[in-house]
Amino acid sequence: MNVTVGDVMTKPVMTVTKHQSAGHATELMREHGVSALPVVGADHEPLGILTAADLLARPSDATPASSIMSKPALTVSAHEGPHVAARIMRNHHCHHVVVVEHHVVVGIVSAYDLLELVESHRYVAKSAPTPARRPARRQ
């Protein structure tokens, strides 16, 4: 079975605009139990991402999201394999990647989503080779 990022992403995704406040973003995260929100422009294109880590510095509730978001947004196509999202997260030391289709935000994939994929598919490591029953002949 070929799984895509679109199959494992969280959708619909909660977003904020660059002008919305840190207080609003904090409330959305708390209310919906999420730890990251894509920051989008007028055409729902990704501008950045606002994570719980960005809010740890306790910015004023009135601070616009654009002032504290991580940018640019790291994105992956919904049609890519999950390994692409995992590679982006590993290479950029992040836990979330914004999912896009035609430059429009359609979801978000987290490290948790990828771990859940591994767990649900019960990936099994191959067993070590068994030792030979008789010693090899010497010539």
Inset, instruction - Between V118 and V84, with labels modelled 7 Å along Cα→Cβ, what's the label distance in nm to one decimal, could you check? - result: 2.1 nm
Legend entry - region 5-121: Cα Rg divided by the 2.2 N^0.38 Å rule of thumb: 1.01
Legend entry - For the chain, built as a Gaussian network whose Cα springs stay under 10 Å, the top-fluctuating residue of H24, H32, H83: H32
Inset, instruction - With r as the distance between the Cβ atoms of E45 and D7 and R0 = 22 Å, compute the FRET efficiency 1/(1 + (r/R0)^6) and round to 0.05. - result: 0.45
Inset, instruction - Taking the chain as the reference, fit the longest principal axis to its C-alpha atoms, fit the long axis of helix 111-121 to the helix C-alpha atoms, and give the angle between the two in degrees, 0 to 90, nearest 10. - result: 40 degrees
Inset, instruction - Any chance you could run the full-extension gain for H93 through L28? It's 0.36 nm times the residue separation minus the Cα-Cα distance, nm to one decimal. - result: 21.0 nm
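No lab work stands behind these numbers, since they all come straight from the coordinates. As the structure is a computational prediction, the values presented were derived from the model and not from experiment. Using ideal geometry, Cβ is built from the backbone for each residue, glycine included, and neighbour counts are taken over all protein chains shown.
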